[in-house]
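Report on one structure; see the data block that follows.
The values are calculated or read from the model by the stated rules, or taken from the named source; none is laboratory data. Note that this is a predicted model, so its numbers are computed, not measured. No Cβ is skipped: glycine too gets one built from the backbone with ideal geometry, and neighbour counts run over all protein chains shown. In case anyone asks, the SASA skips ligands and DNA or RNA and just uses the protein heavy atoms, side chains included. Shrake-Rupley method; radii C 1.70, N 1.55, O 1.52, S 1.80 Å.
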Amino acid sequence: MYGDFKYAPNFSHFQYVNANAPKGGVFKQAAIGSFDSLNPFIVKGNAAGGISLIYDTLLAQSLDEPFTGYGLVAEKVKVASDFASVSFMINKNARFHDGKSIQADDVKFSFELLIEKGAPHYRSYYSGVKEVVVDNDQQVTFYFNEVGNRELPLIIGQIPVLPAHFWSDKDFSTTSLTIPLGSGPYQVESFDAGKRITYARVKDYWAKDLAVRKGQDNFDSMIFDYYRDDGVAFEAFKSGAFDYRLESSSKRWATGYVGDNFTSGKILTSKIADKNPQGMQGFWFNLRKEKFKDPHVREAISLLFDFEWANKTLFYGAYSRINSFYSGSELATQSEISDLERLILQPYAGQLPDSVFDPITFPKSNADGNIREQMRKAVSLLELAGYQLKESKMQDKDGQQLSFEFLLYSKDFERVVHPFRRNLERIGIKTSIRLVDVSQFINRLNNFDFDLVSLRKGQSISPGNEQAGHWGCDGVMEPGTSNWAGICHPVIDLLINKLIMAETREELVQTTRALDRVLLTQHIVIPQWYLPAYRIAYWNKFSHPEIAPTYDLGLSTWWLTEAENNKEDRQ
C-alpha cells in the first residue's frame with residue numbers, strides 16, 4: 001500500500017512460518033449455532049465455518065505487514081502509474097480441485113458474480129471498478145473509475161477465484177448445501193448440516209510450494225463442530241472434544257481454566273498481544289427507527305451504561321473502555337483534536353456539531369453503582385429531544401413511553417445488559433431482552449429488525465474502501481449491509497472518499513482520525529470495552545514457529561507435534 005515490500009523478489013517463504021513444518025493430523029475447532037449453507041458470499045443462510053479454506057485469491061496478504069499482497073493465483077501484477085488500472089497474469093500452474101486450469105475468464109466471472117449476486121458489501125467495496133477486460137487466457141485487466149486509489153489494486157487481489165464452469169448451471173444467490181468447487185489448500189470432505197463440517201487437505205495442492213503457502217495448511221483434516229452456545233462448547237473443550245479455543249469471556253478466563261488438565265500441562269493457556277486495531281465493540285442503535293433519530297436520545301441512553309461498575313464487578317478489571325472506532329491503534333483520535341484533524345474538518349464545520357472540535361469525553365463512574373450525575377444529564381438531553389419524565393415514565397409529546405429491545409444471541413450477555421436496563425428504568429425508559437439463536441440474530445440484523453444489538457466491528461490496520469460499507473449512505477437500506485446503525489451523513493461520505501484517496505500513510509492516518517471523531521460525536525453506538533490480546537487455550541499436542549505473525553494469531557502455521565516423527569511419510 002505504502003513504502004517498500006518487506007520480502008524481496010523470489011523470497012522462499014514468510015518469516016513467520018516453519019518452511020519444513022510436517023504435514024498430518026487433525027485440528028478440531030468449535031463453532032456456535034448452526035449452518036445451512038456452503039456459500040459464504042451471499043446474505044442468505046449461515047455459511048459453514050472454515051469454508052474459505054477451499055478458495056484461493058489472486059494475491060496472498062502477508063501477516064507481518066500492514067497491507068501488502070504477493071502473488072498466489074496471479075503470478076505477476078502490473079499497476080498503472082496513476083493507479084487507474086491493474087492487470088493480473090494468471091499462474092499457469094493454478095488449477096481447481098477438479099484439475100481444470102484457472103483462467104482469466106474465471107477471474108472476470110468471479111468479480112461479476114459477486115457484484116451481481118453476492119452480499120451487498122461487494123458492490124460498495126468494488127464500486128471503483130469501471131470495466132474488466134480479459135486480455136487473453138492468462139491475463140485480466142481491471143479499469144477504475146478514477147485515478148489515485150492506491151488500495152483498489154490490492155483489494156481486487158482479494159477476490160476469491162470461483163470456477164465459471166461449476167457455477168454456470170447453478171443459482172449462486174440461493175442458500176445451498178451443494179459442495180462447492182475451489183482451488184485452495186483444503187476441500188470439503190463431509191458434513192452433517194448444522195452440526196459438523198470436515199475439510200481434507202489437498203495433497204496435490206497446486207500452490208503448496210509457492211513462497212506464500214510454504215509452511216502453512218499443515219493438518220490433514222480441519223474439523224468444525226457446532227454447539228448451541230459457548231458455555232456448552234467450553235465444557236466440551238475441557239473434555240477433549242476439540243483442540244483449540246479462543247476465549248471471549250473475562251469471567252471464564254479468570255475462573256474456568258482450572259483443574260488437573262491445566263495444572264498437569266495437558267491443556268495450555270496463553271495471552272498473546274493483538275496488534276490489530278480493536279475496532280468498536282458496543283451496543284449499536286438502529287437509526288432507521290424513528291425513536292433513535294435524535295442524537296440527544298442516543299447520547300442520553302449511552303450515559304447510563306456504567307462501564308466502570310461492569311468492569312470491576314463482572315469482568316475482574318480485565319478491560320479498558322473503548323474510546324474510538326479504531327481503538328488500540330495509531331488510527332484512533334485522541335480526546336483533544338489535533339491541528340491536522342482540525343484542518344481536515346474545518347471546511348465542513350457548518351455541517352457538523354460543535355462537539356466535533358471539543359475534547360471528546362466518556363462518562364466515568366466510581367464503579368460503586370452510583371451514576372446520579374449521568375442520570376441528571378441524560379434526563380436533560382431527553383428533554384431537549386421533547387421527552388418529559390411523568391409518572392415515572394419517560395414520555396414523548398404524545399404520552400408514549402420511550403422503550404426499546406436488546407437483541408441478543410448469547411445468554412451469557414444478559415448479565416451485562418440487566419444492570420444497564422436497571423439504570424435506564426430509573427429514568428423511566430422501558431426495555432426488554434429478546435434472546436434468539438444465531439441464525440435468527442443474523443437474519444434480523446440483515447433485515448434491520450432490531451432496536452439495539454451488541455456487536456464488534458473489527459478494523460484493518462489499513463482502512464480503505466470497506467469504510468464506505470461500514471458508514472456510507474449507499475448501504476443504509478441494503479439488506480445485509482455492514483452499516484449496522486444506518487448512519488448517513490454527507491461529511492462522513494466525503495471523509496471516506498478522502499481516506500480512500502490518501503497518497504501517504506500519514507494522510508491516511510490523519511483522515512481516519514478525523515473520520516473517527518465525526519463518528520464518535522454522532523453517538524451511533526454505546527462503546528463497551530476492549531482487550532488488545534488474544535486469550536487462547538489448546539491441548540498440548542501442537543507446535544508453532546518461534547516467530548509469530550504481527551497481525552494474526554497464525555493458526556495456519558501450526559502443526560501436530562507428533563507428525564514430526566512421521567515427516568518423511570506425510571507430505
Worksheet, complete the sentence: For the range 155-227, using Cα atoms only, the Rg and Dmax in Å read 14.3, 37
Worksheet entry | Rounded, prolate or oblate (a/c below 1.5 giving rounded, otherwise prolate when a/b exceeds b/c) for the range 336-464 by Cα gyration tensor | oblate
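Please state the relative contact order of the chain as a whole percent: Cα pairs under 8 Å, 6+ residues apart?
Values: 1117 pairs, mean separation 129.1, N = 571.
In percent, rounded to a whole number, it is 23.
Explain nothing, just the number: relative contact order of the range 7-98, from Cα pairs under 8 Å at least 6 residues apart, as a whole percent.
Details: 84 pairs, mean separation 12.6, N = 92.
Dividing the mean separation by the residue count of the range 7-98 yields 14 percent.
Please go through the residue pairs Lys251/Lys271; Lys377/Lys397; Lys195/Lys238; Lys100/Lys130; Lys312/Lys393 and name each one whose alpha carbons sit more than 25 Å apart in this structure.
Details: Lys251/Lys271 15 Å; Lys377/Lys397 20 Å; Lys195/Lys238 19 Å; Lys100/Lys130 29 Å; Lys312/Lys393 30 Å.
Correct reply: Lys100/Lys130; Lys312/Lys393.
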Worksheet item: Mind checking the angle between helix 104-117 and the chain's longest principal axis? C-alpha axes, 0 to 90 degrees, to the nearest 10.
Response: 20
Fill in: Long-range tail of P(r) for the chain (Cα pairs > 31 Å, %)
53
Item to complete: Mind ranking 460-472, 134-146 by how tightly packed they are, going by the mean number of other C-beta atoms within 10 angstrom, highest first?
Response: 460-472, 134-146
Worksheet item: At a probe radius of 1.4 Å, what is the per-residue accessible area of Val79, in Å² to the nearest 10?
Response: 60
Fill in: Rounded, prolate or oblate (a/c below 1.5 giving rounded, otherwise prolate when a/b exceeds b/c) for the range 107-173 by Cα gyration tensor
oblate
Practice prompt. Hey, can you find the accessible area per residue of the chain for me, probe 1.4 Å, expressed in square angstrom?
Written response: 44
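What value, in deg cm²/dmol to 500, does the helix sum -39500 (n - 2.57) over DSSP H runs of n ≥ 4 give at 222 nm once divided by the residues of the chain?
On the way: 16 runs with 140 residues, N = 571.
Taken over the chain, the calculation gives -7000 deg cm²/dmol.
With a cut-off of 8 Å between alpha carbons and a minimum separation of six or more residues, what is the relative contact order of the range 364-505 in percent?
Value for the range 364-505: 17 percent.
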Fill in: Percent accessible area from carbon and sulfur atoms, the chain, protein chains only, probe 1.4 Å
47
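Once Rh is set to the Kirkwood radius over Cα pairs, what Stokes-Einstein translational diffusion coefficient, in µm²/s, holds for the range 1-143 at a temperature of 25 °C and a viscosity of 0.890 mPa s?
On the way: Rh = 17.8 Å.
Reported coefficient: 138 µm²/s.
Between beta-carbons, use under 12 Å as the cut-off and find the net charge around Ala385, counting Lys and Arg +1, Asp and Glu -1. Before the final figure, lay out each step's value.
Working: positive: Lys291, Lys293, Arg298, Lys397; negative: Glu290, Asp294, Glu299, Glu383, Asp396.
Net charge in that neighbourhood comes out at -1.
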Practice prompt. Quick one: grab Rg to one decimal and Dmax as a whole number for the range 212-328, Cα atoms only, in Å.
Written response: 19.6, 57
